[in-house]
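The values are calculated or read from the model by the stated rules, or taken from the named source; none is laboratory data. Source: prediction; values computed, not measured. A quick note on method: Cβ atoms are made from the backbone with ideal geometry, for glycine too, and the neighbour counts reach across all protein chains shown. Quick note on the areas: whole protein, heavy atoms, side chains included, nothing else; ligands and nucleic acids left out. Shrake-Rupley method; radii C 1.70, N 1.55, O 1.52, S 1.80 Å.
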Amino acid sequence: MARVTGETRRTEILRTAAELFAARGFHGVSIEDLGRAMGTSGPALYRHFPGKEALLAAMLLDISERLATGGTERVAAASSPERALENLLRGHIAFALEEPALITVHDRELDNVPDPERRRIRQLQRGYVEVWVGVLAQLRPAEPTPVLRAAVHATFGLLNSTPHSAGTLSAERMSTMLLRMGEAALRTPCGGSAGAER
């Protein structure tokens, strides 16, 4: 039998909490509910997190760090801007299909994260967006940066719709569809004002 380490247990707690928060809302889940879902007592979770708010913060910091680091690595490994964009899309699509609960929790519950951690999450997210913008700037050099940034945010809206849009499609089919739609959205020139702020 594989040995359960503290880090493995922590990961299991975060995954279980994401599912519960997505289903019931942050305020609809008690520490005792989390404990029961983990097969332990609520207070036992305090060995890993000092409280429910800290758990939520750790959850959203973890995914923000993973996306930011992964995005930078995917671009660095690419042989061209075209391949970099494909790598970014595939990475984000994999996240969106595999962890839809985290998308729901982020959309609904970020305001419940304590302020210092919330600022760090926002900082990581801005950095992740700018990785995408940097790739788009190579593919669409004539367009202003604000237009490219808006295109990235709009595409995230598409990709992050998976908690609502996946339905009965297989993960493979959904992934292929999102990749094609994402590429079309990001590669299509939008036409920005020549005087737009860069």
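Quick notes on this structure:
- Contour excess over end-to-end distance, with Cα ends at T168 and R120 and 0.36 nm allotted per residue: 13.7 nm
- Once the chain from A94 to T145 is taken as fully extended at 0.36 nm per residue, the excess over their C-alpha distance is 15.7 nm.
- For the pair segment 130-146 / segment 6-84, the C-alpha centres are spaced 31 Å from each other.
- Pairwise alpha-carbon distances in segment 23-117 exceed 17 Å for 60% of all pairs.
- Inter-label distance for R15 and R36, nm, one decimal - labels placed 7 Å from Cα along Cα-to-Cβ: 2.2
- Once all protein chains are placed together, F95 keeps about 20 Å² accessible to a 1.4 angstrom probe.
- Estimated at the nearest 10 Å², the accessible area of T40 is 50 Å² with a 1.4 Å probe.
- Between R83 and T188, the simple label model (points 7 Å from Cα in the Cβ direction) yields a spacing of 2.8 nm.
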